[in-house]
1. Please name all residue pairs, on different chains or six or more residues apart, with Cβ atoms under 6 Å, provided the first residue is in the range 444-457 and is at negative phi and surrounded by 15 or more Cβ atoms within 10 Å (Cβ to Cβ) and the second residue is part of a loop (DSSP other than H, G, I, E, B) and of a type in the set (D, E, K, R).
2. Among the residues of the range 113-145, count how many are under 24 Å from the mean Cα position of the chain (by Cα) and basic (Lys, Arg).
3. Considering only the range 333-358, how many residues are buried (at least 20 other Cβ atoms within 10 Å of the Cβ), over 17 Å from Glu49 (Cβ atoms) and either among the hydrophobic types (A, V, I, L, M, F, W, C) or not assigned by TED's automatic domain parsing to the domain that holds Pro108 (or both)?
4. Is it the case, given these coordinates, that Asp209 is farther than 23 Å from Pro108 by Cβ, charged (D, E, K, R) and modelled with pLDDT of 95 or more?
5. List the number of the failed condition for Phe413; all other conditions in (1) in a helix (DSSP H, G or I); (2) surrounded by 20 or more Cβ atoms within 10 Å (Cβ to Cβ) hold.
6. Consider Trp192 carefully, then state whether it is within 25 Å of Glu258 (Cβ to Cβ) and part of a helix (DSSP H, G or I).
7. Give me the residue from the range 131-157 that is surrounded by fewer than 20 Cβ atoms within 10 Å (Cβ to Cβ) and touching a Gly at 6+ places or on another chain (Cβ under 9 Å) and, out of that set, nearest to Gln61 (Cα to Cα).
8. Among the residues of the range 268-278, are any assigned by TED's automatic domain parsing to the domain that holds Phe19 and farther than 29 Å from Gln194 by Cβ?
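The values are calculated or read from the model by the stated rules, or taken from the named source; none is laboratory data. Small disclaimer: the values here were computed from a predicted structure and weren't measured. Don't worry about glycine lacking a Cβ; one is built from the backbone with ideal geometry, like all the others, and counts go over all protein chains shown.
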Amino acid sequence: MVLSTLVLMFGLLANGQGFLKAKGHMIVNGNGERVILRGMGLGGWMLQEGYMFRLGNVGQQYKIKAKIRELIGPEKTAVIYNTWLRSHTTKADIDSLAAWGFNSVRLPMHYELYTPAVEDEPAPGQQTWKEEGFALTDSLLAWCKANRMYLILDLHAAPGGQGHDLPISDRHPERPSLWESEANQAKTIALWRQLAARYADEPWIGGYDILNEPNWGFEDVSDKSGGREKINAPLKKLLRDITTAIRAVDQRHLVIIEGNAFGNNYNGILPTWDENMALSFHKYGNFPDEASIARFKALREQYNVPLWLGESGENSNTWYQQVISLAEANDIGWAWWQQKKIGINQPMEIRINPGFQAILDYWNGKGPKPGAEEAYQALLEFVNNTRAENTVVHRDVVDAMFRQVRSTEAIPFREHVIGDAAIVQAVDYDLGRNGYAYNDLDTASYHYTPGVNTRGNRGMAYRNDGVDIKADNGAYYIFHTEDNEWLQYTVKVPKAGSYTIKLTVAKDSADALLDLQVNGKDRAKGLAVPAGAGWQQATVADVKLDKGENRIRVVFARGGCLFSQLEFKRK
């Protein structure tokens, strides 16, 4: 009896909550409980896109490799890429994601890590398998299982490439695409059968996202994105053929499909052909409102199938909080894009080392060609910078994606203890939603919405809120202030007292005026920014601060100034 109980307990532990599956409008676990997937896409690991690393017009991964090969030769290029695959994503990344609240990971796979290109097969029609991609996936799955996170396999780069957007599938435009080659389609189908056979009994594989972002004009070849397609017959046939291959070896895993036009055009594809299926859609650069997802909700109702927001991101914290709130209010799980790259709008930022910047300058025609050994060492350093422990963690992004979805409370970005004297950097205003921790009039980018030209953080530095922040030799300051914008700072005061507060400011382009509020009360109104070149100090005397927590707001009553810090001094 004891032995059988132990066996049962071990089985429950090993299987977690069982396989994810579709149940009406919901994705549920093996216990029939609703699961809201909160995921992160591992973009840049198996498949690099040039924009992630500020490579200008060098978009596809094979072109990036060629540029590196030209600098350091083929042998050292192979070392760089082998090191990349073992450094960019490790257990530390998955542990971090789990600690922040993510319960799933989406793996963008490059087929060439699993099987050669059709053009490189020893014999026509042959399918040769490479262990490298499968071994990397096995390791990732083990890290996910250890954290009780679901791993969703996403074929991001299919044989031949699935669209006219070349970087997302590392497509060679001079070769036949996925849609122009039966051999490429056969390889795609065979790869999914191989993956499904390998992972058929793994409950922490959350599902198979079988073809990322198709974008192709089948009937109208001028329709590069596939947005005007009415039938999508080749896409539907391939998706069905892949599903059939998967079901020949795996009856349990969720199959996720994406429509044409980057996952958004489902004309002619539905109804679904498998009882355990979900529809994915992608959302970038449009408004975070019900109207933007209405057509997908209509498909859910009509075909009784779950929805999954398989990609979203590349925007501001305000937009993240609003999109995630929208999705979860409609019982839709999500996977963000992406965990790390150069820049501020994801949880981890990859640092640019000087040697890598010199390579970028050379490739962009702004600097001399580095020597081979110099370039090799610079690339090795950059690869090391991709490791989780060497990245810059943007707590504001994570906070927006989880805490701010559920709370309007503003909390300190850093601990500010105000003793006899203290300095608070202007950019260290509170964490929280727009209108609660700060007020900014331009908080997000709607780059796919005609006529809307907002940008969010115009300086693209330090934080990912709408507040405009510029970098200046390792320091940061606020710029592009507009009328009635404000910033809030929560400070701790060990002993009540009267303080002089000096605001370090500079005129930008207008006669700026400031207000200072403490705990909701005005302490100074219409404070003029001093005239003169460079940084000046606007002083407010006799500001009483209570013992304990105080909330200070700097209000740009009339915008047009720069702002770098607050200086406190007890009288």
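1. Here the result reads Thr454/Asp442; Asn457/Asp468, each pair linking the range 444-457 to a residue that is part of a loop (DSSP other than H, G, I, E, B) and of a type in the set (D, E, K, R).
2. The total comes to 1.
3. Residues meeting the conditions: 2.
4. On the way: farther than 23 Å from Pro108 by Cβ: no; charged (D, E, K, R): yes; modelled with pLDDT of 95 or more: yes.
No.
5. Among (1) in a helix (DSSP H, G or I); (2) surrounded by 20 or more Cβ atoms within 10 Å (Cβ to Cβ), Phe413 violates only (1).
6. Values: within 25 Å of Glu258 (Cβ to Cβ): yes; part of a helix (DSSP H, G or I): yes.
Yes, satisfied.
7. By that ranking, first place goes to Lys145.
8. Step one: list which residues in the range 268-278 are assigned by TED's automatic domain parsing to the domain that holds Phe19, which gives 268-278.
Narrowing further to those that are farther than 29 Å from Gln194 by Cβ: none.
Checked against the condition, which is being assigned by TED's automatic domain parsing to the domain that holds Phe19 and farther than 29 Å from Gln194 by Cβ, the range 268-278 yields no hits at all.
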